[in-house]
Amino acid sequence: MKYPVSIISASGYGAEIILAALRELLAPLGGMAAFVRPGQRVLIKPNMLSARPPEKAVTTHPEVVRGIIRLVQECGGVPWVGDSPGVGSTLSVAAKCGILDVVRDTGAALAHFRESVPFPHDIGRFPRLEIAREALEADVIINLPKLKTHQMMGGTGAIKNLFGVVVGLRKVNLHLQAGSDKALFARLLLDLARHVAPALTVVDAVMAMEGNGPGSGTPVAVGALLGGCNPLAVDTAAFAMLGLRPDAVWTQKIAREEGCPGSFLDDLELFGPPLESLRPPSFRPAREGDIGFGIPSFLRRGLNKSLSALPEVDMGRCLLCGICQRHCPVEAISVHAGFLEIDKRLCIGCFCCQELCPEGAIEARQGILLRLYERFTKQRSKS
Ligand code: SF4
Ligand code: SF4
């Protein structure tokens with residue numbers, strides 16, 4: 001079986017440009033009517049990581065949200081827009097990133113994701129899983145991620161965006177359960193996406209993010225929207241479009257190892273321009289965060305610092321706001337008068353601090369062996 005993924009180029013975020021592009025994007029998938037029937041309650045799940053303006057490319061652009069709301073309304077669906085931000089309330093983040101205005105203009109509703117309810121599942125690794133009530137009760141979920149680099153996982157798109165159905169600090173708790181095991185965390189994300197099962201995913205890559213993502217990277221023009229029913233297949237196309245190696249994005253790497261359908265380009269039926277034609281001239285990946293393979297654990301223990309990346313704070317930018325401290329799952333961060341300290345012995349490398357820092361004050365500092373490894377793989381890919 002092949003998984004259809006539709007791709008379209010879009011020159012900017014003008015409302016009419018995006019609406020026309022979305023219609024064209026969804027045509028090979030049967031249009032919005034293939035997903036939404038009259039009267040259905042439709043949860044639209046953009047990336048609303050934190051309160052940043054649209055031009056920072058941290059959140060899904062409001063015009064993409066507007067276009068999807070309009071198409072849902074045309075089909076008689078009842079649209080709700082919601083996410084559980086990393087920092088701040090759904091309302092405050094929606095206001096800053098422009099989504100609240102769109103919700104009000106269109107007569108849609110904001111889903112605040114305040115209540116967390118047990119989620120029936122068979123994910124043995126994480127038995128106690130709860131998600132937002134609105135996600136559980138929706139008739140249809142439309143997943144609306146932003147395409148970005150991600151310091152912990154390599155990249156974030158369709159699969160990682162669905163982690164936002166876990167409410168507030170419960171996300172921190174799941175990070176804590178996964179510890180420093182990125183493969184385990186990737187499996188959780190894949191399992192969660194399979195159970196949440198959005199009917200449709202549309203990736204906003206008109207402006208994507210490179211470098212120090214997902215909260216503090218650099219916006220980069222890609223000019224593309226991607227859509228499909230299988231979120232993993234959509235990610236496979238999106239990361240290939242950027243030219244990221246599949247083993248550089250943990251959800252892709254683990255999905256391939258486990259033979260998940262949609263994790264290889266050969267599994268896809270692509271509609272639209274060739275992926276390479278939309279690749280930006282250069283794209284800076286997230287810093288390599290870990291060498292997670294082939295190294296015996298007894299050796300790894302001694303070399304752990306040299307083999308992985310850990311967060312480092314730039315005190316020139318840090319405002320000592322304490323957000324990172326409050327969200328660190330292992331309480332490795334302490335704020336003192338005039339400086340901030342990260343206890344590297346406690347740190348599990350989840351990079352929640354880097355993801356949520358509003359000042360971009362936290363970067364990944366690679367250990368010496370990891371730096372050498374990255375240099376080697378870069379040279380090898382050039383030759
Ligand atoms: S590193 Fe960022 S989040 Fe942490 S205290 Fe400084 S400014 Fe706040
Ligand atoms: S210091 Fe940062 S990277 Fe380390 S565990 Fe805490 S939040 Fe995660």
Segments classed as helices (runs of 4 or more DSSP H), wholly inside region 290-383, with at least 3 members that are at pLDDT below 90 and outside the structural domain of A183 (by TED's automatic domain parsing):
297-307, 368-382
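Here is a yes/no grid of residues against (1) farther than 20 Å from G227 by Cβ; (2) among the polar types (S, T, N, Q):
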residue	(1), (2)
A27	no, no
M48	no, no
P53	yes, no
A57	no, no
V64	no, no
G67	no, no
T90	yes, yes
Please go through region 193-204 and pick out each residue that is hydrophobic (A, V, I, L, M, F, W, C) and either in a helix (DSSP H, G or I) or not assigned by TED's automatic domain parsing to the domain that holds F35 (or both).
A193, V196
If I go through region 68-121 residue by residue, how many of them are under 22 Å from C357 (Cα atoms) and β-branched (V, I, T)?
4
By residue number, the members of region 245-263 that are aliphatic (A, V, I, L, M) and either in a loop (DSSP other than H, G, I, E, B) or modelled with pLDDT of 95 or more (or both) are V249, I254, A255
May I ask you to list the residues in region 205-244 that are among the hydroxyl-bearing types (S, T, Y) and not in a loop (DSSP other than H, G, I, E, B)?
T218, T236
Any pair with Cβ under 6 angstrom, 6 or more apart, that starts in region 315-329 at a residue that is within 10 Å of C352 (Cα to Cα) and ends at one that is within 6 Å of ligand 1 (Cβ to nearest atom) and acidic (D, E)
none
Considering only residues that are within 14 Å of E130 (Cα to Cα) and not polar (S, T, N, Q), which ones fall in region 143-174?
L162, F163, G164, V165, V166, V167, G168, L169, R170, K171, V172, L174
Just one of the numbered conditions (1) of a type outside the set (K, R); (2) under 21 Å from the mean Cα position of the chain (by Cα); (3) farther than 30 Å from A20 by Cβ is not true of D122; which one?
(2)
Those residues that are more than 13 Å from ligand 2 (Cβ to nearest atom) and either among the hydrophobic types (A, V, I, L, M, F, W, C) or in contact with a Phe, Trp or Tyr (Cβ under 7 Å, 6 or more places away or on another chain) (or both), I need them from region 319-338; list them, please.
L319, L320, C321, A337
Those helices (runs of 4 or more DSSP H) completely within region 113-192 that have 3 or more residues that are of a type outside the set (A, V, I, L, M) are 133-137, 170-178
Could you give me the residue pairs with C-beta distances under 9 Å whose first residue belongs to region 155-182 and is touching a residue at least 12 places away in the same chain (Cβ under 8 Å) and acidic (D, E), whose second residue is surrounded by 23 or more Cβ atoms within 10 Å (Cβ to Cβ) and in a helix (DSSP H, G or I) wherever it lies, and which are 6+ apart or on separate chains?
none
Determine whether region 264-281 contains at least one residue that is buried (at least 16 other Cβ atoms within 10 Å of the Cβ), among the acidic types (D, E) and under 16 Å from G155 (Cβ atoms).
no
Scan region 132-152 residue by residue and report those that are of a type in the set (A, V, I, L, M) and at pLDDT 95 or above.
A132, A135, L136, A138, V140, I141, I142, L144, L147
What's the number of the only condition in (1) modelled with pLDDT of 95 or more; (2) over 30 Å from C324 (Cα atoms) that P120 fails to meet?
(1)
Against the definition (among the aliphatic types (A, V, I, L, M), surrounded by fewer than 24 Cβ atoms within 10 Å (Cβ to Cβ) and over 30 Å from K344 (Cβ atoms)), how does A233 come out, yes or no?
no
Show the residue pairs meeting these rules: Cβ distance below 8 Å; 6+ apart or different chains; first residue within region 75-89 and assigned by TED's automatic domain parsing to the domain that holds V103; second residue of a type in the set (D, E) and outside any loop (DSSP other than H, G, I, E, B).
W80/E134; G82/E134; G86/E355
Is region 138-153 home to any residue that is under 28 Å from S263 (Cβ atoms) and small (G, A, S)?
yes
Take the conditions outside any loop (DSSP other than H, G, I, E, B) and surrounded by fewer than 23 Cβ atoms within 10 Å (Cβ to Cβ) and apply them to P79. Does it pass?
no
What pairs can you find where one residue is in region 111-127 and under 14 Å from A178 (Cβ atoms), the other is among the aromatic types (F, W, Y), and their Cβ atoms are less than 7 Å apart, with a gap of 6+ or different chains?
none
If I filter region 345-365 down to residues being within 8 Å of ligand 2 (Cβ to nearest atom) and without any contact (Cβ under 8 Å) to a residue 40 or more places away in the chain, which single residue comes out as surrounded by the fewest Cβ atoms within 10 Å (Cβ to Cβ)?
L346
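The values are calculated or read from the model by the stated rules, or taken from the named source; none is laboratory data. Note that this is a predicted model, so its numbers are computed, not measured. FYI the Cβ positions are ideal-geometry reconstructions off the backbone, even for glycines, and counts take in every protein chain you see.
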